[in-house]
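The values are calculated or read from the model by the stated rules, or taken from the named source; none is laboratory data. As the structure is a computational prediction, the values presented were derived from the model and not from experiment. No Cβ is skipped: glycine too gets one built from the backbone with ideal geometry, and neighbour counts run over all protein chains shown. With ligands, DNA and RNA removed, areas are computed over all heavy atoms of the protein, side chains included. Shrake-Rupley method; radii C 1.70, N 1.55, O 1.52, S 1.80 Å.
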Amino acid sequence: MEHTAHDGVDAVHMARAIELAALGHGRTSPNPVVGCVVLDASGHVAGEGFHPYAGGPHAEVVALREAGGRARGGTAYVTLEPCDHTGRTGPCSRALLEAGLARVVVAVPDPTPRAAGGAARLRAAGVAVETGLLAAEAERVNAEWLTFARLGRPHVTWKFAATLDGRSAAADGTSQWITSPEARADVHRMRARSDAIVAGVGTVLADDPRLTARPTVRADDGSPGRIPLRVVVDPSGRTPPGARVLDDEAPTLVAVAEGVTTPRGAGLLPLPRHGAGLDLRALLKELAARDVVSVFLEGGPTLAGAFLAQGLTDRVVAYVAPALLGAGAPALGEAGVATIARAHRMSFDEISRIGPDLKIVARPQLAENSREK
Ligand SMILES: NC(=O)c1ccc[n+]([C@@H]2O[C@H](COP(=O)([O-])OP(=O)(O)OC[C@H]3O[C@@H](n4cnc5c(N)ncnc54)[C@H](OP(=O)(O)O)[C@@H]3O)[C@@H](O)[C@H]2O)c1
């Protein structure tokens, strides 16, 4: 049965399950984030859970464990269709059946052929299954993994800092710092949630960034610590051997054009050329093969323009400072737009204040997907 009218009580519990799912951000790759709430037969919350890290227990199992015998005859709210396959853990569909749930409410169906089928198995066993409740919200919390599962490439968030007049550096090339310490701390939190941090060689040469998440986020729940992979897009191998991005704080890959070698052999990722740059789709495919589900693209403007032009940008995070420069590099370089009708149209997802700055999160409108070829 499809969910049409949102039952208020159901929506409250699914919203909580979505909140729980978000607690797994940055830990679960290459798995999704999932949250689950279990009610007993009289409608009281008996268990809650989320998937804490890849290889850890699934959300349903955590919630069922907490609920124990109280789950019998009850309802489970799950943000993603319960899996029906045995991976590092057993199928959640079976765990829900064994617990004796009468009803399972699912927000988003599982798009992967390997894990899908949980809803069908539950229905076949006589459990009332409903899908689609708060689907848009549940899609958003799991945007990275759903992009990875549906398109076979990582989800890309492009982040930039700019002045109110859209400049990302001053006329002399200086850009440190456009935004406040509070905004920069937020960037570090977003880096820590990502599997890979990507920057162009122009940024490495101009700013010598470390591209690490500081302070390094360590899990406190016994899960394996995770440090985001750093990736420099550097067609001709211009990254200086002493660049900070090559230090020991995190692993680094330098993506170069096939045939290019640099003095530093380790960590080179040769890729086919695409016009004046590299084949960015091939880059994302290579990263997906390394279990990178989410990419945090830190620019600069030239590389960001190339990602947008190729339809490979899924989210934009802009930190806008209340400052004006009037001259200097624009936040975004050439992005394949010659006329206003071809503008990359976005929708605002979130607008908030961070210290004195604005944080704006936007997503391409659906038609943008047609650019992806
Ligand atoms: N405010 C911000 O948020 C922010 C963020 C980052 C950077 N910045 C500023 O931006 C400036 C640097 O920007 P930038 O545009 O010069 O550098 P960039 O985008 O970091 O790197 C440009 C280089 O990337 C390579 N590249 C370009 N398109 C490519 C493609 N399609 N595939 C593969 N590689 C490609 C090219 O290398 P080759 O020329 O070697 O082929 C190009 O020179 C600095 O002033 C920095 O401070 C600001």
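What the table below lists for this structure:
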| item | result |
| --- | --- |
| Surface accessible to a 1.4 Å probe, E137 within the full protein complex, Å² | 90 |
| Rounded accessible area of R103 (nearest 10 Å², 1.4 Å probe) | 50 |
| The chain: C-alpha pair distances exceeding 40 Å, % | 20 |
| Total formal charge among the other residues, if their Cβ is under 14 angstrom from that of E182, Lys/Arg +1 and Asp/Glu -1 | +2 |
| Accessible area (Å², per residue) of the chain, counting only protein heavy atoms and a probe of 1.4 Å | 45 |
| Overall form of the stretch 8-146 per C-alpha gyration tensor (a/c, 1.5; a/b vs b/c) | rounded |
| Computed helical MRE - 222 nm, the chain, DSSP H runs ≥ 4 contributing -39500 (n - 2.57), nearest 500 | -7000 deg cm²/dmol |
| Computed accessible area, D208, all protein chains, 1.4 angstrom probe, square angstrom | 50 |
| Rg and Dmax of the stretch 230-373, Cα atoms only, in Å | 16.9, 47 |
| Under-5 Å amide H pairs with V129, H placed in peptide plane, nonlocal only | V104 |
| Mean separation of Cα contacts under 8 Å, 6 or more apart, over the residue count of the stretch 275-350: relative contact order % | 34 |
| Heavy-atom accessible area ranking, 1.4 Å probe, most first, across E48, E334, E60, E19 | E334, E19, E48, E60 |
| Relative contact order, percent, the chain [alpha-carbon distance under 8 Å, six or more residues apart] | 15 |
| Percentage relative contact order, the stretch 8-146, counting C-alpha pairs under 8 Å, at least six apart | 22 |
| R230 long-range amide H proximity, modeled H, under 5 Å | I197, T252, L253 |
| Sulfur and carbon atoms: percent of accessible area, the chain [1.4 Å] | 55 |
| Sequence of L278, L151 from largest to smallest accessible area, 1.4 Å probe | L151, L278 |
| Most to least accessible of D279, D7 (protein chains only, probe 1.4 Å) | D7, D279 |
